[in-house]
Amino acid sequence: QVQLVESGGGLVQAGDSLRLSCAASGRTFSNYHMGWFRQTPGKEREFVAGINRSGGRLSYADSVKGRFTISRDNAKNTVYLQMNNLKPEDTAVYYCAATERLLSFRSISAYDYWGQGTQVTVSS
């Protein structure tokens, strides 16, 4: 069992940067593979980025590759999403998710635990 809390969202202009954080409870954070997803009203939740338990394996959606970077600090029980060169189409609620078994980075059904989300709004 793990509880996740996202933070760091806000209102920015196109081209700006934000760093999202996801803080996990407990003392077994290093056992979990982590992912970031995003969702806008009326749309399906979509995969953004994933990182395995050790941090040595990464995965990104094509739409964010080269702009976003996922990382983790297991000593701090935290996963990050550094978002650079933000675009209006990045506007969404961003969620972090966790799973003990990495069946798929990209599938929402692969994750067992979810945070409450943090809003990112990018103006043009």
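The values are calculated or read from the model by the stated rules, or taken from the named source; none is laboratory data. Predicted model only: the values in this text are computed from it and were never measured. Cβ: placed from backbone, ideal geometry, glycine included. Neighbour counts: every protein chain shown. For accessibility, only protein heavy atoms count, side chains too; no ligands or nucleic acids. Shrake-Rupley method; radii C 1.70, N 1.55, O 1.52, S 1.80 Å.
Numbers at a glance
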read-out: Label-point separation in nm, residue 43 to residue 106, each point 7 Å along Cα→Cβ; value: 1.7
read-out: Surface accessible to a 1.4 Å probe, residue 91 within the full protein complex, Å²; value: 40
read-out: Proximal lysines relative to residue 43, as straight alpha-carbon distance under 28 Å, when same-chain residues fewer than 8 apart are discounted; value: 65, 87
read-out: For segment 43-96, fraction of C-alpha pairs farther apart than 15 Å, in %; value: 49
read-out: With every protein chain in place, the chain: carbon and sulfur % of accessible area (1.4 Å); value: 43
read-out: Cα-based shape type of segment 66-108, given that a ≥ b ≥ c are square roots of the gyration tensor eigenvalues and the cut on a/c is 1.5; value: oblate
read-out: Segment 1-56 shape via C-alpha gyration tensor axes, a/c threshold 1.5; value: prolate
read-out: Distance between segment 84-100 and segment 63-81 - C-alpha centres, whole angstrom; value: 11
read-out: Charge dipole (debye, nearest 20) of the chain; +1 at Cβ of Lys and Arg, -1 at Cβ of Asp and Glu; value: 300
